[in-house]
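What follows draws every value from the coordinates through simple rules; no lab data is involved. Predicted, not measured: the structure shown is a model, and the values here were computed from it. Glycine also receives a Cβ, built like all others from the backbone with ideal geometry; neighbour counts cover every protein chain displayed.
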Amino acid sequence: MPTRRAFIARAAGAALVIPLGASACKSGTAATGGAGKGSGTLVFGKTDGGTTFIRNYNVFGPAIQKSPNAEMIYEPLARVDYSDGAKVKPWLAKSLEFDPTGTTLTVKLRDDVTFSDGKPMTADDVLFSLNLPLKDPSFNLGGTTYDRVAKVDSSTVTVHWPHAAFSELSQLASIQVPVVPAHIWQGKNIKSWSNPDPVGTGPFTLDRFAPQQITLRARTDYWGGRFAVKQIKIIPTNGDALRAQLVRGDVDWALAAWGNAEQEYTAKDPKHNLYQKYATGGAYSLFYNTAKAPFDNVHVRRALAMTIPRKDIVTTLERPGTEAGPTGLVDQIYGDVILPEYRGKVQQVDAEAAKRELALSGYEVKGGKLVKDGKSYAPKLSFNQDFGWDPYANMMVRSWQEHLGIKVKSVGAPGANLYEQQQTGEFDLTISTSGGAGVAGVYSALSSRALRPLGQTAATNFGRWKDAPTDAAITDLLSSADPTVTKSAGGKLQRIVAEQVPYSPIYNSYWFVLINAKRWSGWPTPEHFSYVPFPGNGPDATLTLLNLKQATT
């Protein structure tokens, strides 16, 4: 065995770094003021932030309502590179190196990083930031599992896990675990402080804040380089308004699915009207609250899973062929590790098999309710109404009633409220994403280490899944550096998801990126990219913005 763990990630060159960013726009607002060609302004139309913004840049605080795109101000230690097999690579760190046991990670920091107030980032800031989730579980929004952090010197810290954690490095790439300045945050009441004037290592600073428009200003002393984009305007919008804004050129950048974009948008100006799709590696899935009946019954879960009308949903979404396979792993990214029996498999509605499963469950359907041992259950399906999921939820509801006789009520909620419900387990059935960096990232959320009782906040494992074989396979997957062991563990987890259905993948998840390139050029494409132009990915947005230039034609 080598004296050091083979995993050593090092920064390649000091010139370019990778945060993220974006902004938002509202229909017909004055967001284009100052955003003309040559103005140095980029307008981001944000479709998932509600109609107004809240001034709260406390990225660790438990409050649900927060300011959008804080990842342009704060940065993590690492980055997940989705163009390279979702590998974790250094960002604010210069290198990340595990010891042979996989329990202790040595983090060497870059020496050229400063906060926007001019003070250098040091090990003290990293120590303070990484310790916040350990001090109070409500601050652990990123689902970290390390148990202690120590300072070695001014530019080095060690992170320790109570178990081998070779595959848990992506925790340090989470935008929910950024590095914040200790000299500002120390002494603050993190639970109530709103941090209205944020200071971070990121490429932008807060210039102006209004409930319907935020302006971020590019730093001239950013460690990653200089920007042609001088300011970003973030404005709230919605799907219908956004389409008109893009066509008019009021918005430069947005994240939204547009079913007929190729005909309604791209075809009008193929050179400038760009609609891009990047696979996240995960899926949108139906999660069952396995901590309560009847969803603690595998046969009930199977019956519901077998009658999800996936083809109808993706057809209506106008994303043909994106039905998710039974493992939750996307063939496009994980085709070489998906077990042969699941590779390329399309899940069709199988009403007869679903009825057999329901019969095995011991439940009867009476008046649309599931009944057993004198108790009846009327399930509810919770979904994000900000995403316009109403018609797809109704498709599932109709299918379950048609094929199983079960009447499920669809209940939409704003994204922030739904996320809180999912964290505390206040749901029966819900729609959420199942994904992450690598196979371990996709499946580690099923670990009972992340399990919390109903009513308590869970960073992951919303479905309250508790299963010994799952835990054993996740332990092997996360703790071993042996490819044979990790491949076997990954295969076991595929079968658990497909057969025990802790969640049911519906359709493969993509980042849908809309761009009007009349003012800015240099955007990546799905055919040629080393970073995804998606603001929620932190460093990738920074890389995107660093490489944009004023368009000349």
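Observations
- Cross-link table LYS369/LYS492; LYS46/LYS230; LYS66/LYS466, entries beyond 22 Å C-alpha to C-alpha: LYS369/LYS492; LYS66/LYS466
- Normalised by the number of residues in the chain, the average gap of Cα pairs under 8 Å and 6 or more apart makes the relative contact order 22 percent.
- DSSP bridge pairs, the chain: antiparallel proportion in percent, nearest 5: 80
- Between segment 486-553 and segment 443-479, the alpha-carbon center distance in angstrom: 25
- Separation of alpha-carbon centers, segment 237-261 and segment 273-288, rounded to whole Å: 18
- Relative contact order %, segment 249-404, counting alpha carbon pairs below 8 Å whose residues are six or more apart: 23
- Here the relative contact order of segment 282-509, from alpha carbon pairs under 8 Å that lie six or more residues apart, stands at 32 percent.
- Positive-end extreme of charge dipole, the chain - chosen from SER488, LEU130, ALA551 (charges on Cβ): ALA551
- Taken about its Cα centre, segment 282-509 carries a charge dipole of roughly 540 debye when the Cβ of each Lys and Arg holds +1 and the Cβ of each Asp and Glu holds -1.
- Loop trypsin sites (Lys or Arg not before Pro), segment 258-339, which have at most 14 other Cβ atoms in a 10 Å radius of their Cβ (DSSP): LYS271, LYS292
- Of the trypsin sites (Lys or Arg not before Pro) found in segment 80-163, not one falls in a DSSP loop while having at most 14 other beta-carbon atoms within 10 Å.
- Among beta bridges that DSSP assigns inside segment 282-509, antiparallel share in %, nearest 5: 70
- Summed side-chain charge close to LYS372 - residues other than LYS372 whose Cβ falls under 11 Å, Lys, Arg +1, Asp, Glu -1: +1
- Charge tally for LEU206 (other residues, Cβ to Cβ under 11 Å; Lys, Arg +1; Asp, Glu -1): +1.
- The separation of segment 59-85 from segment 399-419, counted between C-alpha centres, amounts to 30 Å.
- Unit charges on C-beta of K, R, D, E only; dipole of the chain, Debye: 620
- Among the trypsin sites (Lys or Arg not before Pro) found in segment 488-553, those both in a DSSP coil and sparsely packed, with 16 or fewer other Cβ atoms within 10 Å of their Cβ, are LYS518.
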